[in-house]
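*Asks:* Before I ask anything, here is the structure I am working with.
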Amino acid sequence: MKTLITVILCLLLSSLGFAQDNNKETKKDTTKLEEVLVLSRRKLSNHRQEKTLSSIDDYLEKSNKVTMIKRGNYAWEPTINNMTSERLVVTIDGMQIFGACTDKMDPITSYVDVSNLEKVTIGSGQEGTENGHSIGGGIDLKLPSSKFNGSGFKSGLDLGYETNGNYKATGLDLEYTGNKFFISADGIYRKSDNYDAGNNEEILYSQFEKYNISLKTGYKFSETQSIDANVIYDKATDVGYPALPMDVSLAEALIASLTHNYKPEDKALKSLETKLYFNTITHIMDDTKRPVVAIRMDMPGWSDTYGFYSKADVVQNKHHFTFNFNGFYNKSLAEMTMFSNNPSEPDMFMYTWPDIRTLYSGIFIKDDFHFSAHETLASSIRLGYHKNKIAKEVGVQSLEIFHDNVQDQNNRFLVSLSSAYQLKKENYNLSFGLGYGERAPSVSEGYGFFLFDSFDNYDYIGNPNLKDEKALEANFSFKQKFNDFEIGLESSYFHIMDYIIGEIAPDVSSMTIGANGVRVYTALDHASIFNTYVNSSYKISERFAINGTVGYNYGKGNDGENLPLIKPFSYFAEFNYNTPKFNAALQLDGNGNQSNYSSKYGENETADYAILNLNLGNVFHNKLGKTVLKYGVENILDTKYSTYADWNNFPRQGRNFYLNLSFVLQ
Amino acid sequence: MKLKYLLPIAFIALFFSCSTDNDDDAIVNETEGLELIQTIFNNNQTIELYNEKGMFETGYNLVSLRIKDNTTDSYIEDAILSWMPMMQMPTMEHSSPKSTISKALGKDTVYEGFIIYQMTNTDASGWSLTLNYTIDGTDYSVTETISVFQYENQNTSTFMGSDGTNYILALIEPKDPSIAVNEMKVGLFKMENMMTFPVVEDYTIALDPRMPGMGNHTSPNNTDLTYNNADNFYYADLSLTMTGYWKLNLKLMNANDDVLKGEDVTDENEASSLYLELEF
Ligand SMILES: [Cu+2]
Ligand SMILES: [Cu+2]
């Protein structure tokens, strides 16, 4: 491991050393550059999606490396490289934000909507560490950048309806852009009843309702400097979680930021962006809609984060440097009150997250060194100081029931390194990279107290003495074009040391009625995760195209046991017909049998499935603007199925007809 | 010039030094944090009884006493005291486990001891307290009716062991439980006759705390109660994982490990017949 770190460091240093090298011959191609930096950077132009009103969740699910874990019809949890939230860093425009639910009912992605965003940047493994430390990768949900192009008023209206679940969505956005000032506002409202799985089986508690509004304004006070402010308010109510024993009565977020932009002209420093931000989340779980529960309980949670970042882009000769200095302070608190079935007994109470304060500050430096016309060496380093503190004394005492030595503070120094070589030729792309990363345990892993996991039916206890989780990573990708045919392969391997996972604590009785027992977070000595995807596409004619992907994933601990939530063999095929005014796509999406499931973590074998979707779209232009119509059928054959990523194998949507209509006025 | 400044300073210093002296006298409130339970008048003396709550309740009561000389209006600092609580039942009378009375640690006028009331009548009646004390070689005695209220939970248990002996078990700690590993402290006494309740030494009491309101779950890392011959009480680690109502299931074993009272808690047997209760 040490040798590998040395190798990466050497690569990094050597590329920095070349910075002095003066060679003005090669022209920098920034667009190309960005393409290779991140695994996928799809612009959130919603008119190119299958549905204009698709959720962030739907949107992310289309990405190759992302799989969404579903506990219901709302607030899916993204995974990258078969790794869930704790191993990822998910940010909103570089802002750290942490869910307030101890049961992961509120991934960060649930607190924004497509209308808020311009694009989503997904970085695999150590390529995703620009905003924080991670093992699996990073997702940054980018807010629209300020613009002062004087385009004037613009407005848009989106309407959507889907038959399955009687799902309705409405979006409205208004925008005024001047030369020195802009203001934009958008709102979106979504409501769904229970949906039906295949064969018209109603899935109880799959309803939700949510709205999201955002306001953004900016002022440009000189040619090089501008400032902008952004506020997002997101509120979901009556959200059902069919796969969990509880629902959510309120998930509310307020996300605010103030950004200063400095873009000097004709200097090595291309841009300097500084942001101050704040966000607060309230999450209230609710079991009042469930007719039968072993015991009634209230489980509210809160998460507040304050932070900043300062990010600079410097281009010098063949080097493109990115610097990011950032820091945040988070306060996570969650509690549980249970109401005894015997009314004479008092309420039972505990802190499930005993007011954990996290302070982080770190620096990220990346260099893209274009040392020849076709070759780039991209290296990055992130160094950070991470501190956890248990603010409630009772939190220390309650963890002492399980652990001999509980300190109220824990300091960590975290390192992330990566280096990748990229070769780009006209018909040929190749890249390989190495990385090393560390992460601190999450609040639940470190300090959670009796967090019930309905997946394996165990109560989980945090462990404040966990070591940093560390990963060595190797990735490889390759793409070859033969005229109209293209084939590519991408693959990542992770060797994770001190892999954090819950281990059964024998003889400890569960708190949750009916649970199998208690697990305390501990670490496997090491674990391996591997994935590989083969993508191909063939352009049959100007209008017809076909593309397909097959994927294979593998995950095992050093004890020989399968890791949980590892995707089985998967495939996807799409047949496209495109004209400027009309498009049609027929999709086949399927998974093989999940035979390498982790029975130790409550998984069982999920059967193979395949579904068919048909998506159609028309664009009409008129004097006022344009109208986009998107419609289609999902799960045409009304297949009843569930995937490995469906919590407790609850079934997914059956046949669904949808229609989205968008008007853009300008 | 200098004197002009020095004088006031000197006065202020004098003033503060005097006032601190006065404060010292006033601060001698040796019953701070305690509530008066009852005052017993006995001719020339007044006896004040205190505890934290200002009332006697069933179970363990730590009692502080003071004797005031009514003629000098000062508290006696060198009395020798003993006591005898007594409960009058329809057919008989009995006493209860109690400690001797000694001077409270670090105090001049306060004496301390404990009484464990194992039962009471619903209207708090039935008990009287006899105090015998000696001041300067003169013996005094006074008996007064007292009120003992029923504590809401079972913090004491009177039972007959399989050896035919009657025992009294009382919960002393945790007084103020928290979600933590609490120190549990229990007193165990044998009923030798109606008036004598000696401490039982060197037994073991197995501990199994449960929450009947929540599927009867237990908590980890509890230890059994063992005898401490320094203070004649039994001690254990009691883990409480949440607030609420806890049933502390117990099993009493003598020095030969014979079970005298109580059963294991199992899926079929929800609770032991020997238990104490805790609520927080
Ligand atoms: Cu929740
Ligand atoms: Cu409980």
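*Asks:* In the set A:Phe413, A:Phe349, which member is open to solvent by 40 Å² or more (accessible area, probe 1.4 Å), in a strand (DSSP E or B) and either within 16 Å of ligand 1 (Cβ to nearest atom) or within 22 Å of A:Val508 (Cβ to Cβ) (or both)?
*Replies:* Values: A:Phe413 fails: either within 16 Å of ligand 1 (Cβ to nearest atom) or within 22 Å of A:Val508 (Cβ to Cβ) (or both).
Unique residue meeting the criteria: A:Phe349.
*Asks:* Test each condition in (1) away from ligand 2 (no atom under 16 Å from the Cβ); (2) among the hydrophobic types (A, V, I, L, M, F, W, C); (3) under 19 Å from the mean Cα position of the chain (by Cα); (4) surrounded by 20 or more Cβ atoms within 10 Å (Cβ to Cβ) for B:Leu278 and report the one that comes out false.
*Replies:* (1)
*Asks:* What number of residues within the stretch A:616-654 satisfy the criterion of being closer than 21 Å to A:Thr606 by Cβ and of a type outside the set (Ser, Thr, Tyr)?
*Replies:* Adding up the residues that qualify gives 15.
*Asks:* State whether the residues of the stretch A:624-638 include one that is open to solvent by 30 Å² or more (accessible area, probe 1.4 Å) and polar (S, T, N, Q). Spell out the reasoning first.
*Replies:* Looking only at the stretch A:624-638, we keep the residues that are open to solvent by 30 Å² or more (accessible area, probe 1.4 Å), and these are A:624, A:626, A:629, A:631, A:634, A:636-637.
Adding the requirement that they be polar (S, T, N, Q) leaves none.
Looking for residues that are open to solvent by 30 Å² or more (accessible area, probe 1.4 Å) and polar (S, T, N, Q), one finds none in the stretch A:624-638, hence no.
*Asks:* Return the pair list, or none, for Cβ contacts closer than 6 Å from residues in the stretch A:159-172 that are free of Cβ contacts under 8 Å to residues at least 40 places away in the same chain to residues that are surrounded by fewer than 21 Cβ atoms within 10 Å (Cβ to Cβ), at least 6 apart or on different chains.
*Replies:* Qualifying pairs under 6 Å: A:Asn166/A:Asp193; A:Lys168/A:Tyr161; A:Lys168/A:Lys191; A:Thr170/A:Leu159; A:Thr170/A:Tyr189; A:Leu172/A:Leu157; A:Leu172/A:Gly187.
*Asks:* Hey, among the residues in the stretch B:24-56 that are open to solvent by 30 Å² or more (accessible area, probe 1.4 Å) and aliphatic (A, V, I, L, M), which one's modelled with the lowest pLDDT? Spell out the reasoning first.
*Replies:* Here is the first cut: in the stretch B:24-56, the ones open to solvent by 30 Å² or more (accessible area, probe 1.4 Å) are B:24-29, B:32-39, B:41, B:43-44, B:52-53, B:55.
Cutting the leftovers down to aliphatic (A, V, I, L, M) gives us B:26-28, B:34, B:36-37, B:55.
Details: B:Ala26: 45, B:Ile27: 49, B:Val28: 63, B:Leu34: 91, B:Leu36: 92, B:Ile37: 92, B:Met55: 93.
Residue satisfying both the conditions and the ranking: B:Ala26.
*Asks:* Right, another one. Inspect the stretch A:299-314 for any residue being away from chain B (no Cβ under 14 Å) and among the aliphatic types (A, V, I, L, M) and give the result as yes or no.
*Replies:* Just the residues of the stretch A:299-314 that are away from chain B (no Cβ under 14 Å), to begin with: A:300-314.
Filter again for among the aliphatic types (A, V, I, L, M), leaving A:312, A:314.
For the stretch A:299-314, residues away from chain B (no Cβ under 14 Å) and among the aliphatic types (A, V, I, L, M): present.
*Asks:* Checking B:Asp224 against (1) within 14 Å of chain A (Cβ to nearest Cβ); (2) open to solvent by 30 Å² or more (accessible area, probe 1.4 Å): exactly one of these is not met. Which one?
*Replies:* The single condition B:Asp224 does not satisfy is (1).
*Asks:* Filter the stretch B:242-260 down to residues that are more than 16 Å from ligand 2 (Cβ to nearest atom) and buried (at least 21 other Cβ atoms within 10 Å of the Cβ), then give me how many there are. Reasoning before the result, please.
*Replies:* Residues of the stretch B:242-260 more than 16 Å from ligand 2 (Cβ to nearest atom): B:250-260.
With the extra rule that they be buried (at least 21 other Cβ atoms within 10 Å of the Cβ), the set shrinks to B:250-252.
Matching residues across the stretch B:242-260 total 3.
*Asks:* Of the residues that sit in the stretch A:134-177 and are hydrophobic (A, V, I, L, M, F, W, C) and open to solvent by less than 20 Å² (accessible area, probe 1.4 Å), which one is nearest to A:Glu209 (Cα to Cα)? Working first, answer last.
*Replies:* Restricting attention to the stretch A:134-177, the residues satisfying the condition of being hydrophobic (A, V, I, L, M, F, W, C) are A:135, A:139, A:141, A:143, A:148, A:153, A:157, A:159, A:169, A:172, A:174.
Next cut, open to solvent by less than 20 Å² (accessible area, probe 1.4 Å) only: A:135, A:139, A:141, A:143, A:169.
Working: A:Ile135: 33, A:Ile139: 25, A:Leu141: 22, A:Leu143: 23, A:Ala169: 10 Å.
Looking at the filtered set, the residue picked out is A:Ala169.
*Asks:* Read through the list (1) within 30 Å of A:Ser134 (Cβ to Cβ); (2) more than 14 Å from chain B (Cβ to nearest Cβ), then give the number of the only condition that A:Tyr538 fails.
*Replies:* Against the list (1) within 30 Å of A:Ser134 (Cβ to Cβ); (2) more than 14 Å from chain B (Cβ to nearest Cβ), A:Tyr538 comes up short only on (1).
*Asks:* Moving on. Pull out all pairs, ordered by first then second residue, where Cβ-Cβ is under 7 Å, the residues are six or more apart or on different chains, the first lies in the stretch A:383-397 and is basic (Lys, Arg), and the second is open to solvent by 40 Å² or more (accessible area, probe 1.4 Å) and outside any helix (DSSP H, G or I).
*Replies:* A:Lys387/A:Leu359; A:Lys387/A:Gln409; A:Lys387/A:Asn411; A:Lys389/A:Arg357; A:Lys389/A:Asp408; A:Lys389/A:Gln409; A:Lys392/A:Tyr351
*Asks:* Within the stretch B:247-261, track down each residue that is in contact (Cβ under 8 Å) with a residue 60 or more places away in the chain and not in a loop (DSSP other than H, G, I, E, B). Full working, then the answer.
*Replies:* Step one: of the stretch B:247-261, the residues in contact (Cβ under 8 Å) with a residue 60 or more places away in the chain are B:248, B:250, B:252, B:254, B:258-261.
The answer is B:Leu248, B:Leu250, B:Leu252, B:Val259, B:Leu260, B:Lys261.
*Asks:* Can you tell me which of A:Gly514, A:Gly548, A:Gly560 is open to solvent by less than 30 Å² (accessible area, probe 1.4 Å) and among the small types (Gly, Ala, Ser)?
*Replies:* Working: A:Gly514 fails: open to solvent by less than 30 Å² (accessible area, probe 1.4 Å); A:Gly560 fails: open to solvent by less than 30 Å² (accessible area, probe 1.4 Å).
It is A:Gly548.
*Asks:* When only residues in the stretch B:231-259 that are among the charged types (D, E, K, R) and within 14 Å of another protein chain (Cβ to nearest Cβ) count, which is nearest to ligand 1 (Cβ to nearest atom)?
*Replies:* Pass one, the stretch B:231-259, residues among the charged types (D, E, K, R): B:231, B:237, B:247, B:251, B:257-258.
Keeping just the survivors that are within 14 Å of another protein chain (Cβ to nearest Cβ) gives B:237, B:247.
Details: B:Asp237: 33, B:Lys247: 30 Å.
Going through the qualifying residues, I end up with B:Lys247.
*Asks:* Moving on to the next point. Say whether the condition of being touching a residue at least 12 places away in the same chain (Cβ under 8 Å), more than 14 Å from chain A (Cβ to nearest Cβ), buried (at least 19 other Cβ atoms within 10 Å of the Cβ) and assigned to a strand (DSSP E or B) is met by at least one residue in the stretch B:262-271.
*Replies:* no
*Asks:* Of the residues that sit in the stretch B:177-195 and are touching a residue at least 24 places away in the same chain (Cβ under 8 Å) and assigned to a loop (DSSP other than H, G, I, E, B), which one is farthest from the other protein chains (Cβ to nearest Cβ)?
*Replies:* Just the residues of the stretch B:177-195 that are touching a residue at least 24 places away in the same chain (Cβ under 8 Å), to begin with: B:177-191, B:194-195.
Adding the requirement that they be assigned to a loop (DSSP other than H, G, I, E, B) leaves B:177-180, B:191, B:194-195.
On the way: B:Pro177: 11, B:Ser178: 6, B:Ile179: 4, B:Ala180: 3, B:Met191: 31, B:Met194: 34, B:Met195: 36 Å.
Residue satisfying both the conditions and the ranking: B:Met195.
*Asks:* Tell me which residues, restricted to the stretch A:333-388, are β-branched (Val, Ile, Thr) and away from chain B (no Cβ under 14 Å).
*Replies:* Initially, the stretch A:333-388 is screened for residues β-branched (Val, Ile, Thr), giving A:337, A:352, A:356, A:358, A:363, A:365, A:376, A:381.
If the condition is that a residue be β-branched (Val, Ile, Thr) and away from chain B (no Cβ under 14 Å), then A:Ile356, A:Thr358, A:Ile363, A:Ile365, A:Thr376, A:Ile381 are the ones that fit.
*Asks:* If you go through the stretch A:220-273, how many residues are within 14 Å of ligand 1 (Cβ to nearest atom), crowded, with 21+ Cβ neighbours inside 10 Å and assigned to a strand (DSSP E or B)?
*Replies:* Counting residues in the stretch A:220-273 that are within 14 Å of ligand 1 (Cβ to nearest atom), crowded, with 21+ Cβ neighbours inside 10 Å and assigned to a strand (DSSP E or B) gives 6.
*Asks:* Among A:Lys331, A:Lys275, A:Lys311, A:Lys318, which is the only one that is under 26 Å from B:Ser178 (Cα atoms), touching a residue at least 60 places away in the same chain (Cβ under 8 Å), of a type in the set (Lys, Arg) and more than 16 Å from ligand 2 (Cβ to nearest atom)? It would help to see each step written out before you state the result.
*Replies:* Numbers: A:Lys275 fails: under 26 Å from B:Ser178 (Cα atoms); A:Lys311 fails: under 26 Å from B:Ser178 (Cα atoms); A:Lys318 fails: under 26 Å from B:Ser178 (Cα atoms).
Going through A:Lys331, A:Lys275, A:Lys311, A:Lys318 in turn, just one is under 26 Å from B:Ser178 (Cα atoms), touching a residue at least 60 places away in the same chain (Cβ under 8 Å), of a type in the set (Lys, Arg) and more than 16 Å from ligand 2 (Cβ to nearest atom): A:Lys331.
*Asks:* Here's something else I'd like to know. When you go through A:Thr121, A:Thr129, A:Thr163 one by one, which is the residue that is of a type in the set (Val, Ile, Thr), farther than 24 Å from A:Gly384 by Cα and either more than 16 Å from ligand 1 (Cβ to nearest atom) or modelled with pLDDT of 95 or more (or both)? Step through it out loud before you land on a result.
*Replies:* Details: A:Thr121 fails: farther than 24 Å from A:Gly384 by Cα; A:Thr129 fails: farther than 24 Å from A:Gly384 by Cα.
After applying the criteria, what remains is A:Thr163.
*Asks:* Part of a strand (DSSP E or B), away from ligand 1 (no atom under 16 Å from the Cβ) and open to solvent by 10 Å² or more (accessible area, probe 1.4 Å) - does that describe any residue in the stretch A:282-302? Outline the logic, then answer.
*Replies:* As a first pass, look at the stretch A:282-302 and keep what is part of a strand (DSSP E or B): A:282-286, A:296-302.
Still in the list and also away from ligand 1 (no atom under 16 Å from the Cβ): none.
No: zero hits.
The values are calculated or read from the model by the stated rules, or taken from the named source; none is laboratory data. Since we're looking at a predicted model, the values are computed, not measured. Virtual Cβ from ideal backbone geometry, glycine too; neighbours counted across all protein chains shown. When the accessible area is computed, the model is the full protein with side chains, heavy atoms only, and any ligands, DNA or RNA have been set aside. Shrake-Rupley method; radii C 1.70, N 1.55, O 1.52, S 1.80 Å.
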